[in-house]
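Peer 1: Here you go, one structure.
The values are calculated or read from the model by the stated rules, or taken from the named source; none is laboratory data. Source: prediction; values computed, not measured. Positions of Cβ are generated from backbone atoms using ideal geometry, with glycine treated the same way; all protein chains shown enter the neighbour counts. Only protein heavy atoms, including side chains, enter the accessible area calculation; ligands, DNA and RNA are left aside. Shrake-Rupley method; radii C 1.70, N 1.55, O 1.52, S 1.80 Å.
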Amino acid sequence: MHFIDVILPIPLEKAFTYEVSAKEASFLQTGMRVAVPFGKSKIYTALVYRVHNEAPQTYDAKEIDQILDEYPIVSEKQLKHWEWIASYYMCSLGEVFKAAVPSAFLLESETLILRNEAFEATDETSLKDDEWLVFEALQHQSMLKVQEVSSIIDRKNILPVLKRLLEKNVIQLKEEVYEQYKPKLVRYVKLGERYISDEKLNSLIEELSRAHKQREVVLTLFSMEAATKKPIKVKELEEKSKASSSVVKALIDKGILEEYHLQQDRVQFEGEGVSPSKGLNEFQQQALGEIDTHFATNDVVLLHGVTSSGKTEVYVKLIEKVIAEGKQVLYLLPEIALTTQLIKRLQDYFGNKVSVYHSKYSVNERVEVWNNILQENSKAQIVIGARSAVLLPFRNLGLIIVDEEHETSFKQFDPAPRYHARDAAIVLSKLHEAKTLLGTATPSIESFYNVKIGKYKLATIDRRYGNVLMPDIELTDIKEKHRKKRMTGHFSDRLIEAMQEALEVGEQIILFQNRRGFAPILECNVCGHSPHCPNCDVSLTYHQYRNQLRCHYCGYAMALQEACLACGSSELDTKGFGTEQVEAELKEIFPNAKLGRMDSDTTRGKYGYEKIITAFEQQEIDILVGTQMLTKGLDFRNVSLVGIMNADSLLNFPDFRAHERSFQLIQQVAGRAGRTKKRGKVIVQTYNPYHQILQQASLNRYEEMFVDQINERKQFRYPPFIRMIKITFKHRDYNKVNEASTWYAQALQTVFGKHTKTEILGPEFPPVARIRNEYLKNIVVKIPNQQSVKQTKLSIKKIDKSFNAISNYRSVRIIYNVDVY
Ligand code: ADP
Ligand code: ZN
Ligand code: ZN
């Protein structure tokens, strides 16, 4: 008898065993996919984990339905890495499997299938009979379940057929319906190069004395160029000079005017791979030398380089070397949507060796990248991706770069696996005997601590590229400004003055406010009532644009009420403020400035960010207001001023990382200012200008901040001095959550309380204790460093088992979050 253990893409602890024939057993290898029946009628795609001869003891093994692959789609090292993730982050291997592979690899009976509009009906002849049956069914019905397909064709063949149809672009899966972005091409003009000098221009004007209209256009363009530093659109020129487009075209055809497009296509990256990498300056050169030296003896190096110090160019040199050795490179970023600028840059150097792995890309694109990596194809020798790219099938990694390593979005929050991509990257790198470079201007406390204790090595660049000065950060006391009546809405006179100066000379401004919406809280002046979400324990946020109150946790929305819902009074007041209100006030203060807003309300859709970033780059926006999205590594050339509307809202977060994060955020936003010749200016508005963190951030005192924070972490027992596991209990029934979490906490106390230094905190309700009608309660386990984390987790797993044996608690969901962020 022959059997295989498989990994199913579900949160099951154990591998499941199926029976296979002798022939199948000799064909199958670890990492191939098989279709298997599960439960009463479900079909799942599972991954072969082990081929063996031991029948399961407690159940009769079913037979598999079908073998789906001819070779493994998962590499050996990858599977080892997944195992580490499952065990370290306390989840099932199936959950890692599911998070790792493109959904096209996971066809199952519940998957919904749509026709792909892009498929031309004339291609029908390329379809096999069974494929054609599905294709035809989709002409009559817009959507099919896999189960329905099974009644159309022979059951055993469903998944392979769908796989082929996907490959032929005939169908798509439900979750993949995504927006197509057609980038807007904006035409600009300038005077042809031949005519740049005054002399040449004069003779040109003379030359055109009889072509009256053309002359008018040239003169208009000349005066427009003198008046503004900004690029001039063809449309604007036509309007100003009252010329028809044919006149402008004639000038372009003659070469008197030059037409150009500022649009950088953000979908079809057109890097040629022909640009030679830049020569490094002495500081970059020195950092590169340090990194090389450290890599000889150490696996992990932290590159601490201030914003705009040219870290990316240093990465490029390292990448050049590693790919010359024929090895793969993984370049991890906190959020891929925000980094089209970087992708373009790397493709300029490395051309089609660069692949991007992105959850928002189509299924075929993702499958293609996956296969290219698996086959060590040169097309995917350099892989740029966010978090989930650490789960890809690398075979021969030489280097992992974790850019902006301090970013908290590297930690997956929901659903499982709740892994930290930076930490998982270091483990992955070890499996490949590769090197990891962490890069940032503001290292996380954890990483810098690891440097201090010698676990990581350090390389530093402490000045900006091209002798550009670090931005000048000025703290403005708004308590004082309020007292002296120098505030206009949320703007101090100082900020307004600096903004006026910048706008006058055509420079751009970024304003940072931590909250979206108009105002977080609407409060009744008479009775103090503020409207709450019916599904969550949180106040609704006022959004002026739609005149709505909205919940930021579950999306619930209601129309704004004219009168208090509790007492009927109409004296309603707003407390706090968000990006929307900043924008509204700006309209009053700077009625002529062009405004843009970047927050999760304005960046919905696949290319939401790109549209705003492009508009800002092309200087179609003078002032950009935004949330933290603005901080992430963007390189704008013409921004001279950054305003932080209210630094206190950052500092007052109830979280042990709040101060560290405030420092990072202020420095990162500030880093967007003055990236070219002129020194950038940053104005930080605050009620506490003497707050230590603000002082440290404004004076670029990273080390001092680090020492303060690390001392606090030590004193109050927080990472990196302990490890934290948060256990969350979730249920619709309030009492059940209470009982279950209390039971669990007692069990933990019994195991750990007496003999170890492990601390059990809680159960306690979090600040928002009900989300989407489910109550939440947390237990936090603090594990001292000298104690085995592995053992502790095993003990917790045991408690988990006993917990699940109690029928009354079985419906309570438990979430384990290891290394809480
Ligand atoms: P960081 O990633 O440290 O914020 P970047 O790598 O984005 O900095 O560099 C900042 C700017 O300086 C970029 O516009 C980049 O093109 C330029 N730059 C950096 N290093 C060089 C170099 N060696 N030669 C020419 N330009 C450089
Ligand atoms: Zn009231
Ligand atoms: Zn809600």
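Peer 1: Among the candidates Ser87, Ser103, Ser92, single out the residue that is farther than 16 Å from Val161 by Cα, crowded, with 18+ Cβ neighbours inside 10 Å and among the small types (Gly, Ala, Ser).
Peer 2: Ser92
Peer 1: Could we say that His482 is within 26 Å of Thr627 (Cβ to Cβ), of a type outside the set (A, V, I, L, M, F, W, C) and in contact (Cβ under 8 Å) with a residue 24 or more places away in the chain here?
Peer 2: Taking the combined requirement at face value, the residue does not satisfy it.
Peer 1: May I pose another question? Being open to solvent by 10 Å² or more (accessible area, probe 1.4 Å) and assigned to a loop (DSSP other than H, G, I, E, B) is the filter here; which residues of the range 640-654 pass it?
Peer 2: Answer for the range 640-654, where residues must be open to solvent by 10 Å² or more (accessible area, probe 1.4 Å) and assigned to a loop (DSSP other than H, G, I, E, B): Asn646, Asn652, Phe653, Pro654.
Peer 1: When you scan the range 1-100 for strands (runs of 3 or more DSSP E) that lie fully inside it, which ones turn up with 2 or more residues that are outside the structural domain of Ser359 (by TED's automatic domain parsing) and among the aliphatic types (A, V, I, L, M)?
Peer 2: Those strands (runs of 3 or more DSSP E) span 2-7, 33-38, 42-52.
Peer 1: Output the residues belonging to the range 373-397 that are in contact with a Ser or Thr (Cβ under 7 Å, 6 or more places away or on another chain) and open to solvent by 20 Å² or more (accessible area, probe 1.4 Å).
Peer 2: Lys379, Ser388, Arg395
Peer 1: Mind listing whichever residues of the range 20-50 are among the basic types (Lys, Arg) and either out of contact with any Ser or Thr (no Cβ under 6 Å at 6 or more places or on another chain) or surrounded by fewer than 18 Cβ atoms within 10 Å (Cβ to Cβ) (or both)?
Peer 2: Hits for the range 20-50 are Lys23, Lys40, Lys42, Arg50.
Peer 1: I need a count of the residues in the range 298-325 that are in a loop (DSSP other than H, G, I, E, B), more than 15 Å from ligand 1 (Cβ to nearest atom) and in contact with a helix residue (DSSP H, G or I) (Cβ under 9 Å, 6 or more places away or on another chain).
Peer 2: Qualifying residue count, the range 298-325: 1.
Peer 1: Next question, about the same structure. Count, please, the residues in the range 525-538 that happen to be open to solvent by 30 Å² or more (accessible area, probe 1.4 Å) and within 15 Å of ligand 2 (Cβ to nearest atom).
Peer 2: Selection size over the range 525-538: 6.
Peer 1: Before we move on, is Lys801 surrounded by 15 or more Cβ atoms within 10 Å (Cβ to Cβ) and not assigned by TED's automatic domain parsing to the domain that holds Tyr556?
Peer 2: no
Peer 1: Also, quick follow-up: Take the residues in the range 780-791 that are assigned to a strand (DSSP E or B) and of a type in the set (A, V, I, L, M, F, W, C), then tell me which one is surrounded by the fewest Cβ atoms within 10 Å (Cβ to Cβ).
Peer 2: The qualifying residue surrounded by the fewest Cβ atoms within 10 Å (Cβ to Cβ) is Val780.
Peer 1: Oh, and also: Among the listed residues Arg657, Arg675, Arg679, identify the single one that is farther than 27 Å from Ala615 by Cα and surrounded by fewer than 24 Cβ atoms within 10 Å (Cβ to Cβ).
Peer 2: Criteria check complete, one pass: Arg657.
Peer 1: Looking for whichever is open to solvent by 70 Å² or more (accessible area, probe 1.4 Å), under 30 Å from Ser444 (Cα atoms) and touching a Pro at 6+ places or on another chain (Cβ under 6 Å) here; the options are Lys777, Lys714, Lys757. Which one fits?
Peer 2: Answer to the check: Lys757.
Peer 1: Give the residues of the range 552-608 that are within 16 Å of ligand 2 (Cβ to nearest atom) and either open to solvent by less than 50 Å² (accessible area, probe 1.4 Å) or not in a loop (DSSP other than H, G, I, E, B) (or both), sorted by residue number.
Peer 2: Within the range 552-608, Leu560, Ala563, Cys564, Gly568, Ser569, Leu572, Asp573, Thr574, Lys575 qualify.
Peer 1: Has the range 334-350 got at least one residue that is at pLDDT 95 or above and open to solvent by less than 30 Å² (accessible area, probe 1.4 Å)?
Peer 2: The answer is no; no qualifying residue exists.
Peer 1: Considering the range 760-774 alone, what residues qualify as being at pLDDT below 90 and loosely packed, with under 13 Cβ neighbours inside 10 Å?
Peer 2: Pro767
Peer 1: In this structure, is Ser492 at pLDDT 95 or above, in contact with a helix residue (DSSP H, G or I) (Cβ under 6 Å, 6 or more places away or on another chain), of a type in the set (Gly, Ala, Ser) and within 27 Å of Tyr690 (Cβ to Cβ)?
Peer 2: Answer is yes for this residue.
Peer 1: Which numbered condition trips up Ile613, out of (1) farther than 30 Å from Ser309 by Cα; (2) of a type in the set (A, V, I, L, M, F, W, C); (3) within 16 Å of ligand 1 (Cβ to nearest atom)?
Peer 2: Only one criterion is unmet by Ile613, namely (1).
Peer 1: Taking the residues in the range 51-79 that are within 20 Å of Leu106 (Cβ to Cβ) and open to solvent by 70 Å² or more (accessible area, probe 1.4 Å) as candidates, determine which candidate is modelled with the lowest pLDDT.
Peer 2: Glu70
Peer 1: Out of Asn778, Asn738, which single residue is away from ligand 3 (no atom under 16 Å from the Cβ), farther than 26 Å from Thr460 by Cβ and in contact with an Asp or Glu (Cβ under 8 Å, 6 or more places away or on another chain)?
Peer 2: None of the others qualify; the one that does is Asn778.
Peer 1: Just checking, which of Leu549, Leu522 is surrounded by 15 or more Cβ atoms within 10 Å (Cβ to Cβ), in contact (Cβ under 8 Å) with a residue 40 or more places away in the chain and within 16 Å of ligand 3 (Cβ to nearest atom)?
Peer 2: Leu522
Peer 1: Now a separate question. Identify, please: which residue in the range 301-311 is of a type in the set (Val, Ile, Thr) and open to solvent by less than 20 Å² (accessible area, probe 1.4 Å) and is, among those, nearest to ligand 2 (Cβ to nearest atom)?
Peer 2: Thr307
Peer 1: May I pose another question? In the range 343-422, which strands (runs of 3 or more DSSP E) lie fully inside it and hold 3 or more residues that are touching a Leu at 6+ places or on another chain (Cβ under 6 Å)?
Peer 2: In the range 343-422, the matching strands (runs of 3 or more DSSP E) lie at 397-403.
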